[in-house]
Amino acid sequence: MATLTDLGFCQNTIYETIICTFNFDGQLNAAPMGVTINGRQQVILTVYNSAETLKNLQIIKAATLNLTGNIDFYYKSALKNGDLPVNWFEKSVFVNAPKLKAADAIIAVLVEGFEPVDAMRTKVTCNVEHVEALKMYPQAYCRAMSAVLEAIIHATRIKALVNVEAEQVHVAKLYSLIQNCIDVVNRSAPNSHYAELMVDLQEKVDSWRLKFEGLH
Ligand SMILES: Cc1cc2nc3c(=O)[nH]c(=O)nc-3n(C[C@H](O)[C@H](O)[C@H](O)COP(=O)(O)O)c2cc1C
């Protein structure tokens, strides 16, 4: 079995994954979440209390953490416009959770415990049950991937805060960070799939902000 170290995990570093869980009635869910490692056999997540993922972890106590460089998995699972394509997933044989069929590596985990971080977030400690990894060619690196990922994170915060009057300065800052990400994408990958996603993302964020402004 591969280890977390084989997958490049080091201490004190946050790695982005897609966490897949089942809810109480067996419906699958997926969301991008950062994880850190705690020794060789534990991972730690910090999850917003509003996240569906946290509820599922509290009830089912199992998940898979899927490593992927495919930006579409991040985009769809972060912003959840419509259902996630069920054919992207299958059940893990190691834990009671779905996994991404096309992931580069899959870490099956069981929840060990929960601890509040602050009023909004909970630390979740998980024990690693199994690690499976593809043997694959090294992937060429383009800055647009990180820029889109960064923009998606900002967009998830805007979605959560856009209707809160007291958070409008924060929302404006996040919006301007997204504009920087768009510049990077347009310079490093113009007319690419990354650029298409950014056009779509910008439209979504603009529509949330317009809807909020329309209410005032
Ligand atoms: C790259 C990336 C990393 C993220 N990391 C976290 C995280 O560590 N914790 C968290 O609560 N949300 C994180 N988010 C935001 C969630 O993925 C997002 O709010 C999602 O809609 C939550 O889905 P859920 O309600 O189904 O759990 C991240 C988003 C992205 C794009």
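The values are calculated or read from the model by the stated rules, or taken from the named source; none is laboratory data. As the structure is a prediction and not an experimental result, all values here were calculated from the model. Methodologically, a virtual Cβ is constructed for each residue, glycine included, from the backbone with ideal geometry; neighbour enumeration extends over all protein chains shown.
Here is a yes/no grid of residues against (1) buried (at least 16 other Cβ atoms within 10 Å of the Cβ); (2) in a loop (DSSP other than H, G, I, E, B); (3) modelled with pLDDT under 95:
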residue	(1), (2), (3)
Met1	no, yes, yes
Cys10	no, yes, no
Ala31	yes, no, no
Thr53	yes, no, no
Thr64	yes, no, no
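Out of curiosity, is Glu167 without any contact (Cβ under 8 Å) to a residue 12 or more places away in the chain, over 22 Å from Phe73 (Cα atoms) and either of a type outside the set (A, V, I, L, M) or in contact with a Leu (Cβ under 7 Å, 6 or more places away or on another chain) (or both)?
Values: without any contact (Cβ under 8 Å) to a residue 12 or more places away in the chain: yes; over 22 Å from Phe73 (Cα atoms): yes; either of a type outside the set (A, V, I, L, M) or in contact with a Leu (Cβ under 7 Å, 6 or more places away or on another chain) (or both): yes.
The answer is yes for Glu167.
Checking Asn81 against (1) farther than 16 Å from Ile152 by Cβ; (2) within 15 Å of the ligand (Cβ to nearest atom); (3) in a loop (DSSP other than H, G, I, E, B), which test does it fail?
Every listed condition holds for Asn81 apart from (1).
Before we move on, is Ile14 β-branched (Val, Ile, Thr), more than 9 Å from the ligand (Cβ to nearest atom) and touching a strand residue (DSSP E or B) at 6+ places or on another chain (Cβ under 8 Å)? Before you say what the answer is, go through the steps one by one.
Details: β-branched (Val, Ile, Thr): yes; more than 9 Å from the ligand (Cβ to nearest atom): no; touching a strand residue (DSSP E or B) at 6+ places or on another chain (Cβ under 8 Å): yes.
When the stated conditions are applied, Ile14 does not pass them.
Suppose we filter the stretch 93-149 for residues that are within 19 Å of the chain's Cα centre (by Cα) and of a type in the set (D, E, K, R); how many remain?
The total comes to 6.
Looking at the stretch 30-42 only, could you name the residues that are of a type outside the set (D, E, K, R) and either more than 6 Å from the ligand (Cβ to nearest atom) or free of Cβ contacts under 8 Å to residues at least 40 places away in the same chain (or both)?
We begin by selecting, within the stretch 30-42, every residue of a type outside the set (D, E, K, R); these are 30-39, 41-42.
Ala30, Met33, Gly34, Val35, Thr36, Ile37, Asn38, Gly39, Gln41, Gln42 - these are the residues of the stretch 30-42 that are of a type outside the set (D, E, K, R) and either more than 6 Å from the ligand (Cβ to nearest atom) or free of Cβ contacts under 8 Å to residues at least 40 places away in the same chain (or both).
Taking the stretch 188-210, which residues are over 16 Å from Asp72 (Cα atoms), touching a residue at least 24 places away in the same chain (Cβ under 8 Å) and not hydrophobic (A, V, I, L, M, F, W, C)?
Those that are over 16 Å from Asp72 (Cα atoms), touching a residue at least 24 places away in the same chain (Cβ under 8 Å) and not hydrophobic (A, V, I, L, M, F, W, C): Ser188, Arg209.
Being among the small types (Gly, Ala, Ser), out of contact with any strand residue (DSSP E or B) (no Cβ under 7 Å at 6 or more places or on another chain), closer than 14 Å to Cys20 by Cα and away from the ligand (no atom under 12 Å from the Cβ) is true for just one of Ala108, Ala97, Ala102. Which residue is that? Talk me through it step by step, then tell me what you get.
Details: Ala108 fails: out of contact with any strand residue (DSSP E or B) (no Cβ under 7 Å at 6 or more places or on another chain); Ala97 fails: out of contact with any strand residue (DSSP E or B) (no Cβ under 7 Å at 6 or more places or on another chain).
Result: Ala102 is the single residue among Ala108, Ala97, Ala102 that is among the small types (Gly, Ala, Ser), out of contact with any strand residue (DSSP E or B) (no Cβ under 7 Å at 6 or more places or on another chain), closer than 14 Å to Cys20 by Cα and away from the ligand (no atom under 12 Å from the Cβ).
Report, by residue number, each residue of the stretch 131-160 that is farther than 20 Å from Met198 by Cα and either of a type in the set (Val, Ile, Thr) or crowded, with 16+ Cβ neighbours inside 10 Å (or both). Step through it out loud before you land on a result.
Quick first cut of the stretch 131-160, residues farther than 20 Å from Met198 by Cα only: 131-140.
Within the stretch 131-160, Val131, Glu132, Ala133 meet the criteria.
Report every pair of residues separated by at least 6 positions or lying on different chains whose Cβ atoms are under 7 Å apart, first residue within the stretch 43-54 and closer than 15 Å to Arg157 by Cα, second within 6 Å of the ligand (Cβ to nearest atom) and β-branched (Val, Ile, Thr).
Filtered contacts from the stretch 43-54: Val47/Thr53.
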